[in-house]
Each structure stands twice: as C-alpha cells, then as structure tokens.
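What follows is a set of notes on a single structure, which appears directly below.
The values are calculated or read from the model by the stated rules, or taken from the named source; none is laboratory data. Since we're looking at a predicted model, the values are computed, not measured. Every residue, glycine among them, receives a Cβ derived from its backbone with ideal geometry; neighbour counts consider all protein chains shown.
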C-alpha cells in the first residue's frame, strides 16, 4: 500500500505571473520518455513484480524506496506546471474570448483539456506511454536500465533548465537535479554490489556538476545529494547495505534517513471561471455548505 501525505517535497515559489510555454517545456519532465512518470512506473512495476524479495531484499528495498520518492517527483512537476498557469488568462464573458492566449501557446491541451494544469504527456502533447517501462525481471538488467534512465532524465532536466528562466520552474528542476543525481549513484552502487563492476566511474554523467546551477546549490548545501529515505517503514532499512560509504562526487558520508522529507504545503490553485473550473458558483457553494453542515 502507499500512504499519501498531503505535502509536496519542497516549497515552490508562488508566481505573480506564470508562463504557459515554460509549462509546455516542463511537461517533458512529466510525461516524456525520461520524465518522472517513466521513472515512477519503471521502479513501481519492478518493485511490484520483484521475485525473491526476501532473498535479495536490499535491492528490493532500494527500488521500492526510490519508487516512493518518484511519486513525489511526479506530484512536484505537476504542481510546478500548475503554478506556471497563474495569471495567464482572466475571467470574462465568453464572447470576449478570455482564453485567446491559448491560441498562441504551443501546448493548446493546457487550455482545451486540462484547464491550465498538468497533462500526463510529454512536451509535445503526446500521452505518456507504458512502453517506456523496462521490467525484464532480470535484476542486473533492470538496475542498469534504471541507471541509464536516471542519466537520461538528468540530461533532460539540464536542458529544460536552460529553456526557461522562470523561478518556479528552476526551483523544481534544481531540486530534481540533486535528487536525480542521488538516484544515479544509488543504482551505480547497486550494480557494483550485484556484479562487482564499478559503472559509477563514469560519473558525473552528464559532466556538469549540480553547483553549476544556481537553483540546485541550496539543495546541495542541505546535503540532499547524500541521503535516501525509508519513509518511516522499518521494512526498507536494508537499503543501508547498498547506500553506504562516501558519495563519489562530494566525498561526504552517505546517510539513510529513517523517515521522509519534511516537505511543504501543497499549493491551493485559484478558481478559473474562464475555464469553468471548478464549475461551482456561489449559490452552488452555499448549497453544498448547507448539506455538509446538515450531515455533521
């Protein structure tokens, strides 16, 4: 089972004005081949379908722990896209075309399909594809695929970072650059334990270190490059048999945190009458409130 906590991983800057074309670029980090939906579903299905969980428990624990974090990454990217929608349109009579900005945006799905919120697809509007999941059942093959997937995801994050200067987008990407780098190292360590092969000698891939990105520095300073989480579940503590020693890039000790990130409040998106969302007017709201009180 998965336990949902009503917080997101980090606090995202609430913008005065969004940028729907930046949101379109960030969509690649949601539903692209190397997006967070791919990392989540790869590790989720590998953890669901893992054979001999007890015999190879440290590897199962590692994949399951990262799966839990990836769910939070999907949520973080979605909330970033949602915040990038702030202030792009204003309420108005339908005949005034209040959504006219949508005709010039390169991602019209944000206006027609998802009322200026996240879409489960890539930066070109293509829906996420389950064929992006690699679940061979062969442990070393899956670990190597995960290692390469995280490297591909890092490359995409770096490029999207360079596509937009919007502070909300960059804050999210800076955090994910740090955490994604951690996962690259984690899978490299798992491969070394399983095979004796040190693929981690190729690190960093790509070669730019996280401190080159202003919005990643503070997360590096917080030591977030050196930690993995058990999410408060004792069953996953055997990740410390793999996640140990020194970080090969920072030289700092690796730590397993018996818990989860502190997190931050989930943004509360404003109503968007021009998109007919949530489609509840004041009279409807008062009737709902009355019914809620009558059931107390």
Among the residues of segment 4-53, which ones are on the phi < 0 side of the Ramachandran plot and free of Cβ contacts under 8 Å to residues at least 12 places away in the same chain? 4, 48, 53
Pair list, Cβ < 8 Å and 6+ apart or interchain, from segment 59-88 residues that are free of Cβ contacts under 8 Å to residues at least 40 places away in the same chain and on the phi < 0 side of the Ramachandran plot to residues that are outside any helix (DSSP H, G or I) and surrounded by fewer than 24 Cβ atoms within 10 Å (Cβ to Cβ): 60/50; 60/53
Just to verify a result, which residue in segment 232-246, among those that are modelled with pLDDT of 95 or more and out of contact with any strand residue (DSSP E or B) (no Cβ under 7 Å at 6 or more places or on another chain), is surrounded by the most Cβ atoms within 10 Å (Cβ to Cβ)? 242
Keeping to segment 131-156, report how many residues are touching a helix residue (DSSP H, G or I) at 6+ places or on another chain (Cβ under 7 Å) and assigned to a helix (DSSP H, G or I). 14
Subset of segment 130-157 [surrounded by fewer than 19 Cβ atoms within 10 Å (Cβ to Cβ) and either in contact with a strand residue (DSSP E or B) (Cβ under 6 Å, 6 or more places away or on another chain) or without any contact (Cβ under 8 Å) to a residue 60 or more places away in the chain (or both)]: 131, 136, 138, 140, 141, 148
Condition met for residue 101 (assigned to a helix (DSSP H, G or I), in contact (Cβ under 8 Å) with a residue 24 or more places away in the chain and surrounded by fewer than 21 Cβ atoms within 10 Å (Cβ to Cβ)): yes
Being more than 16 Å from residue 186 (Cβ to Cβ), surrounded by fewer than 21 Cβ atoms within 10 Å (Cβ to Cβ) and in contact with a helix residue (DSSP H, G or I) (Cβ under 7 Å, 6 or more places away or on another chain), is that true of even one residue in segment 57-70? no
